[in-house]
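Visitor: The structure is given below, and queries will be raised subsequently.
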Amino acid sequence: MTPSSSQLRTFPFGEGTAVCDTTDGTVVHIAHPRHPGMNFLLDDTQGRHYPAFHWGKGFIITDKGGGRWDHPQSLDMSADGVDVTYRPVAGVQLQVGRRFGAQWTEQYRVTNQMTAPVTLCSLAVSVPFRDHTPSAKECLVNACSAHIWTGGAFSYVWAIPMNGTGPGLGLSLDAGELWSYSVESRTQHTSSNFRGHLYLHLTDAARSPHTLGGQPEFVLNPGESYDLAWSLGWHEDFSAFERDALRTSVVIPALTAASNDQLMVECKPGIKLSAIEDVEVAQLQAGRFALTAPTPGVKHVDILDGGRRSRVAVLFHRPVRDIVEKRIDHILQHQRATDRDASHKGAFLPYDTESGLTVNGGGWRDWSDGRERLAIPILLLQARMRGWGDASAIDAALADFNAFCRAHLVDKEGNVLEDSLHPHPDRLYNFPWVAEFFLRQYQLRKNKADLLLSAQIFRQYYARGGTHFLAFVCDPLPDTIVDLYTLGEKAQAEELRELLLGHADYFMGLGHDLPKHEVNYEQTVVAPLVLLLEAAYRTRPNAATADALHERMRWLLAFAGHQPHVRLRHIPIRHWDGYWFGRNRQYGDTFPHYWSVMSAMAMLNYPAELGGFVDLRGMAREILEANLVHFRDDGAATCAFVYPSCVNGAPAHHEDPLANDQDWALVYYLKCEKMLEP
């Protein structure tokens, strides 16, 4: 419910404005003149935002009980802000002060008014940034991506408009600590186009004690207070925010390393490092440390700056060949449908790493024996072309899958079907994956029929409306065209080339008005679009394509932030994949989701002569290496890591037990290997 105009008061906030509801002192609107018509906060136009979720409301859990705060006990509106008081738990007072001007500052003071100590086990403040996707057109003028980092004393939020233009809104922590964030109002009803209401936590030890390597608790003695304070301001880009507000004291150039390598940390003088897990910290010189780890995995390291403590997370991993070979061994042992009849036994299935059972996905198509499971045979082909793994075992599995695919996943016209139980060619995403399987099989075996089938599938993709859709065509399709030319199939190659260019021209003509896909607007709408325009530019360079490509790369970069956690840095926000692909069926930010590797490929394919972006190659490497976190040391895997501490009160910050579609991360790593070479 939107407050009436008589209940609103507008305050100057830098070059923009902040609007408060005078009935409860909360902030309901944040605007900047360079983003006309945009509110950086959610409102009720989508029917999902209500007063209980307004900025600055929240909840607390203590060892004496828990409670939410909504309507204040007292409210004092002044010329430059507002002061409110709550009593969320008997004997615990919360005082909130907001001041507006060149900056917007907030302080949350929790005071123990009891005669005995009280332990703060969770304290959460609502920050309902407008991170939702009603449509591409609306997102690109009226929504932002909120990149959250809750790493103790060094914490922030960077909210950048989804079109990638500045200024963005930065929240930087001034006092106290933030150790996690959670999400509320995220349900099947809100589905995939709404990230939910975001809450910043002093701690969430009460509900999710394992988050970020362990959540602290805070004890307040009688009469004692704890202050949590932050500032908000406008900044042209993240670099300006980092320089002017964050004043970062620790730099970690890379967050991933092979298990036998070092990770370097550069600090200002006086900072100390302390590892939580099995990490060795060696000080090389003043302000320079090296991290090593005897075992692979995500490792948390504390940064001690006087009395303030922050935390970062890095990944040590096995060499990529070892990861791939262990993964393939695990797949061949656990994820083949060998219990089925002869024509179906070649399928690959999701696998529950807890129960040890494959999953029959007839009632849920994201667990099927088709669709995204095509990553597995393509991974086998990539490994086979490198001479990795047990050649005879891989060849046998590929022969069985080839028979299954021809019998159940592709028809005689070249249409790609859902899976063996649903013979319908209605999902265009499936077409390029099956086409790629036959393309890579041709490249390995040199059977011309495989290449011709790949070309036939692409023609059917376009015949069924692919020109108006953004399936992931722009890696396998250009290779198919090149191989057709090489074989002398010039007419087919020219036909596909023209279809590719027509595809690019159609989407250039749409501008911001991109069609809805399975999610209204997402990273895997924009990354395939960037790859499409890159392919068109290489085929037919011109200024119009270059300009369109530059703008859309800016859209793509807006999906990702710079947080010092291997699961987050440069990883696009995705918040629905755990629900659709995981066994737990849990919505919430999924970091990293493996399709973030498509952003890496788009970055690596960006024409160097166009310029305009800093270190796309370095960002791509970090994305690809971060996605190695999906794969366990025994070759098992997880399809989703739901990152927030909790979603709708249910503990998260955990791996889903299902190995499903995450093998695309390895497929793309191997595809991009040569582009990463110096």
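Visitor: Six or more apart or on different chains, Cβ under 7 Å: which pairs go from a residue in the range 206-234 that's over 26 Å from GLY297 (Cα atoms) to one that's polar (S, T, N, Q) and part of a loop (DSSP other than H, G, I, E, B)? Could you list them?
Guide: Correct list of pairs: PRO222/THR115; SER231/GLN103; LEU232/GLN103; GLY233/GLN103.
Visitor: Looking only at the range 413-452, how many residues end up being polar (S, T, N, Q), open to solvent by less than 20 Å² (accessible area, probe 1.4 Å) and farther than 22 Å from LEU470 by Cα?
Guide: Adding up the residues that qualify gives 1.
Visitor: Residue under question is ALA124, and the condition is that it be small (Gly, Ala, Ser) and over 18 Å from ASP21 (Cβ atoms); does it hold?
Guide: It is true that ALA124 is small (Gly, Ala, Ser) and over 18 Å from ASP21 (Cβ atoms).
Visitor: Scan GLY65, GLY37, GLY14, GLY47 and give me the residue that is at positive phi, without any contact (Cβ under 8 Å) to a residue 12 or more places away in the chain, surrounded by fewer than 20 Cβ atoms within 10 Å (Cβ to Cβ) and not aliphatic (A, V, I, L, M).
Guide: GLY47
Visitor: Something else now. From PRO3, PRO72, which residue is part of a loop (DSSP other than H, G, I, E, B), modelled with pLDDT of 95 or more, surrounded by 16 or more Cβ atoms within 10 Å (Cβ to Cβ) and touching an Asp or Glu at 6+ places or on another chain (Cβ under 7 Å)?
Guide: The conditions single out PRO72.
Visitor: Also, I was wondering about something else. Check ASP237 against each of (1) open to solvent by 30 Å² or more (accessible area, probe 1.4 Å); (2) farther than 30 Å from SER135 by Cβ and name the one condition it does not meet.
Guide: All conditions pass for ASP237, except number (2).
Visitor: Taking the range 173-189 as the search range and keeping residues that are open to solvent by 10 Å² or more (accessible area, probe 1.4 Å) and polar (S, T, N, Q), which one is farthest from THR248 (Cα to Cα)?
Guide: That would be GLN188.
Visitor: Hey, another quick one. Consider the range 112-127. How many of its residues are open to solvent by 10 Å² or more (accessible area, probe 1.4 Å) and in a loop (DSSP other than H, G, I, E, B)?
Guide: Going through the range 112-127 one residue at a time, the tally reaches 5.
Visitor: Right, next: Could you list all residues from the range 244-259 that are over 21 Å from the mean Cα position of the chain (by Cα) and within 23 Å of ARG617 (Cβ to Cβ)?
Guide: THR248, VAL251, ALA258
Visitor: A follow-up question, please. Counting just the residues of the range 234-257 that are outside any strand (DSSP E or B) and among the hydrophobic types (A, V, I, L, M, F, W, C), which one comes out nearest to GLN103 (Cα to Cα)?
Guide: ALA245
Visitor: Give me the residue from the range 453-474 that is touching a residue at least 60 places away in the same chain (Cβ under 8 Å) and of a type outside the set (Phe, Trp, Tyr) and, out of that set, surrounded by the fewest Cβ atoms within 10 Å (Cβ to Cβ).
Guide: LEU470
Visitor: So, in the range 25-54, of the ones that are over 23 Å from ASN163 (Cβ atoms) and aromatic (Phe, Trp, Tyr), which residue ends up modelled with the lowest pLDDT?
Guide: TYR50
The rows are residues; the columns are (1) more than 14 Å from SER182 (Cα to Cα); (2) touching a strand residue (DSSP E or B) at 6+ places or on another chain (Cβ under 6 Å); (3) open to solvent by 20 Å² or more (accessible area, probe 1.4 Å).
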site	(1), (2), (3)
TYR108	yes, yes, no
PHE129	no, yes, no
HIS132	yes, yes, no
SER135	yes, no, yes
GLU138	yes, no, yes
PHE154	yes, yes, yes
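Visitor: Please go through (1) farther than 30 Å from MET385 by Cα; (2) open to solvent by less than 20 Å² (accessible area, probe 1.4 Å) for ARG308 and return the number of the only condition it doesn't satisfy.
Guide: For ARG308, the exception is condition (2).
Visitor: Right, another one. Could you check, for the range 643-660, whether at least one of its residues is modelled with pLDDT under 95, small (Gly, Ala, Ser) and not in a strand (DSSP E or B)?
Guide: Taking every residue of the range 643-660 in turn, none turns out to be modelled with pLDDT under 95, small (Gly, Ala, Ser) and not in a strand (DSSP E or B).
Visitor: So how many residues does the range 19-34 have that are surrounded by fewer than 22 Cβ atoms within 10 Å (Cβ to Cβ) and either in a strand (DSSP E or B) or of a type in the set (A, V, I, L, M, F, W, C) (or both)?
Guide: 4
Visitor: For the range 258-297, please list each of the strands (runs of 3 or more DSSP E) lying entirely inside it that holds at least 3 residues being open to solvent by less than 40 Å² (accessible area, probe 1.4 Å).
Guide: In the range 258-297, the matching strands (runs of 3 or more DSSP E) lie at 263-267, 288-292.
Visitor: Could you say whether any residue in the range 607-630 is touching a residue at least 24 places away in the same chain (Cβ under 8 Å) and on the phi > 0 side of the Ramachandran plot?
Guide: Within the range 607-630, one or more residues are touching a residue at least 24 places away in the same chain (Cβ under 8 Å) and on the phi > 0 side of the Ramachandran plot.
Visitor: Please verify whether the range 195-202 includes one or more residues that are small (Gly, Ala, Ser), surrounded by 19 or more Cβ atoms within 10 Å (Cβ to Cβ) and within 28 Å of ASP44 (Cβ to Cβ).
Guide: Within the range 195-202 (the criterion being small (Gly, Ala, Ser), surrounded by 19 or more Cβ atoms within 10 Å (Cβ to Cβ) and within 28 Å of ASP44 (Cβ to Cβ)), the answer is yes, since at least one residue qualifies.
Visitor: While we're on this one: Please enumerate the residues belonging to the range 320-343 that are of a type in the set (Lys, Arg) and not in a helix (DSSP H, G or I).
Guide: ARG336, ARG340
The values are calculated or read from the model by the stated rules, or taken from the named source; none is laboratory data. All of these numbers come straight from a predicted model, not from anything done at the bench. Neighbour counts are summed over all protein chains in view; Cβ atoms, including those assigned to glycine, are modelled from backbone coordinates with ideal geometry. Quick note on the areas: whole protein, heavy atoms, side chains included, nothing else; ligands and nucleic acids left out. Shrake-Rupley method; radii C 1.70, N 1.55, O 1.52, S 1.80 Å.
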